[in-house]
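Here is the structure we will look at.
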Amino acid sequence: MFSVVLTTHNEEKNLARCLNSIKSLADEIIVVDGESIDGTVKLAKELGAKVISTTNKSNFHINKQMSMDAAKGDIVLQLDADEVVDEELTAFIKKVLATSSEQVDKNAWWIRRKNFFMGRFFKKGGQYPDPVIRLYRKGRAKLPQKDVHEQMIVDGKVGLAEGHLLHYGNPTFSDYLRKFNTYTSFKSQKLYEEKIQITFINSFNFLFIKPIVTFLSLFVRHKGFVDGVPGCVFSIFSGLHHSVAYLKLWEMTQKK
């Protein structure tokens, strides 16, 4: 049995594209929805998914783990609603499903992602191949649920899947800024919990050093310049992630 699991929050515009890329192969589709106010839930049910409603948590990996726990399949694919399974990955999953667990020594597989940003898929800049563990044997993988960018912890060997996930996480710059705001708010809360103080040294580090180091790492070391203007913009704003999170921490400490 093959299960596909997702976590959603206002994903009406992405959900059909995602599920249509894999629903012919799935024996069950489970969607854990966090208080969507658009047509996500209705659409998910129309596409044959079982919907579990819960709260929209700032660390959405908690809801992801909830969807993983609900899966009944021996093989599980965890997707984001803005991802699409390409034909090569579909063929690979079919091969996994056709092979008994005794014949394969892998309990999970890395899947490469092609990330779409400002009209193109990245080729460099630390954004390709961008491997993520998403395909796994039931009960052999879990999320730590401590951060929004964490990888699954796997009990056993991890292989590399053929094919890709096409990731349309930031189809427009406005979409990117909306998520940028969400992620920096989450990061500022983590900084607060880690008791990072507002000092001259920390201010210099978060406002200047970290942004510059991140930009140079992505744009120069990881060859983000290959991706032209989108690569430059992504490298700049990835650096600014540190500055904005720190400024939100400063604002938070002022209020408290």
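Read-outs throughout are calculated quantities, based only on the coordinates presented, and are distinct from any laboratory measurement. Only a predicted model underlies this, so the values are computations on that prediction, with no experimental measurement involved. Methodologically, a virtual Cβ is constructed for each residue, glycine included, from the backbone with ideal geometry; neighbour enumeration extends over all protein chains shown.
Order by neighbour count: 164, 222, fewest other Cβ atoms within 10 Å first, most last.
Values: 164 21, 222 17.
Listing 164, 222 from fewest to most nearby Cβ atoms yields 222, 164.
Rounded to a whole number of µm²/s, how large is the Stokes-Einstein D of the range 173-255 at 37 °C and 0.692 mPa s, given Rh as the Kirkwood radius over C-alpha pairs? Mind dumping the intermediate values first?
On the way: Rh = 13.3 Å.
After rounding, the answer is 247 µm²/s.
Could you tell me whether the range 88-160 comes out rounded, prolate or oblate from its Cα gyration tensor? Rule is a ≥ b ≥ c as square roots of the eigenvalues, rounded for a/c under 1.5, then prolate if a/b exceeds b/c, otherwise oblate.
Working: a/c = 2.86, a/b = 1.45, b/c = 1.98.
Oblate, since a/c reaches 1.5 and b/c is not below a/b.
Cα-based Rg of the range 1-143 per 2.2 N^0.38 Å, rounded to two decimals?
Values: Rg = 15.0 Å, N = 143, 2.2 N^0.38 = 14.5 Å.
The range 1-143 yields a ratio of 1.04.
Could you please rank 246, 176, 168, placing first whichever residue has the fewest other Cβ atoms within 10 Å of its Cβ? Display every interim value, and only then the final one.
Numbers: 246 23, 176 17, 168 20.
Starting with the residue having the fewest Cβ neighbours, the order is 176, 168, 246.
If we count other beta carbons within 10 Å of each Cβ, what is the order of 191, 47, 77, fewest first? It would help to have the intermediate numbers written out before the result.
On the way: 191 21, 47 15, 77 26.
Taking fewest neighbouring Cβ atoms as first place, the list is 47, 191, 77.
Which value, in debye to the nearest 20, describes the size of the charge dipole of the chain about its Cα centre when Lys and Arg Cβ atoms bear +1, Asp and Glu Cβ atoms bear -1, and nothing else is charged? Provide the component values of the computation, followed by the final result.
Numbers: 36 positive and 28 negative charges, 122 e Å.
Magnitude of the dipole: close to 580 debye.
Would you compute, from DSSP H runs of 4+ residues alone, the mean residue ellipticity of the chain at 222 nm, taking -39500 (n - 2.57) per run and dividing by the full residue count, rounded to the nearest 500? It would help to have the intermediate numbers written out before the result.
Working: 8 runs with 99 residues, N = 256.
The helix-only estimate for the chain comes to -12000 deg cm²/dmol at 222 nm.
Which of 158, 92, 199 sits closest to the plus end of the dipole of the chain, meaning its Cα is farthest towards the positive end, when Lys and Arg get +1 and Asp and Glu get -1 on the C-beta?
Result: 199.
Where does the charge balance sit around residue 59 when Lys and Arg score +1, Asp and Glu -1, over other residues with C-beta under 13 Å from its C-beta? Write down the numbers at each step before the final one.
Working: positive: 57, 64, 146, 187, 190; negative: 147, 150, 193.
Charge balance in the 13 Å sphere: +2.
Compute the angle between helix 173-193 and the longest alpha-carbon principal axis of the chain, please, reported from 0 to 90 degrees and rounded to the nearest 10.
The angle comes out at about 70 degrees.
For helix 61-70, report the angle its Cα long axis makes with the longest principal axis of the Cα atoms of the chain; keep it between 0 and 90° and round to the nearest 10°.
For 61-70 against the chain, the angle is about 10 degrees.
Hey, could you get me the Stokes-Einstein D for the chain, Kirkwood radius over alpha-carbon pairs, 25 °C and 0.890 mPa s, rounded to whole µm² s⁻¹?
Numbers: Rh = 19.5 Å.
Using the Kirkwood radius from Cα pairs, D works out to 126 µm²/s.
Students often get this wrong, so check it: of 114/142; 95/146; 190/223; 142/255; 45/146, which have C-alpha atoms separated by over 26 Å?
Details: 114/142 23 Å; 95/146 33 Å; 190/223 30 Å; 142/255 36 Å; 45/146 30 Å.
Over 26 Å Cα-Cα: 95/146; 190/223; 142/255; 45/146.
Going by alpha carbons, how many degrees (0 to 90, nearest 10) lie between the helix axis of 228-255 and the longest principal axis of the chain?
70 degrees
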